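I have placed the structure first, in the form of structure tokens, so that the comments after it can refer back to it.
Since every read-out is calculated from the coordinates, none of them should be taken as a lab result. The structure displayed is predicted, hence computed values, not measured ones. Glycine gets a Cβ as well: all are built from the backbone with ideal geometry, and neighbour counts include every protein chain shown.
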């Protein structure tokens, strides 16, 4: 008969499964991560894994949603720190977008996210949500004259460019694009 976990043990194991899942899915493509690896990293048996999640794909969805929420919170923190300075806020968000692939690697993936109307990623790819970013700019007293899709695409492109620059060991392309974003932001973001 399987051992029952206390509430505290269950909470600790679930946190560990998610933490280890994020760590593994960041380094390895999800299709190469096994339930055995996740369970071993979390310190539980493979059978116990299935008491918490029906499948590896279910855990991946939980991990991707957590990282997606974490990204949105970090973007809000970045913009909040740049109150009434939209040029600095946009440049800081662009720099953050460029560094996303370094932080979350394979979990971010190479496929641009397709989103539902609510901004949630349909294909499970965590990303900077354009609507949330525009909302964050509004919260610091700025008006944005670009669509949420445009800002989302820009952030995705910066994330991809950041990954390519890291692979090549160069950053000239990224630095140039960030400077262009800084110059162009004056036309699209202004203090209200």
Extended-chain gain in nm, criterion 0.36 nm per residue less alpha-carbon gap, residue 35 and residue 149: 37.5 nm
Hey, with R₀ at 45 Å, roughly what FRET efficiency would residue 4 and residue 73 work out to, going by the Cβ-Cβ distance, to 0.05? 0.85
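Mind running the shape call on the range 7-53? Use the C-alpha gyration tensor, a ≥ b ≥ c as the square roots of the eigenvalues: rounded below 1.5 for a/c, prolate if a/b tops b/c, oblate otherwise.
Numbers: a/c = 2.50, a/b = 1.63, b/c = 1.53.
Here the range 7-53 falls in the prolate category.
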Calculate, in nm to one decimal, what residue 88 and residue 11 gain on full extension: separation in residues at 0.36 nm each, minus their alpha carbon distance. 23.7 nm
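Relative contact order for the range 7-53: what percent, with Cα pairs under 8 Å and sequence separation of 6 or more? Intermediate results must be reported in sequence, preceding the final value.
Numbers: 24 pairs, mean separation 17.0, N = 47.
Across the range 7-53, relative contact order equals 36 percent.
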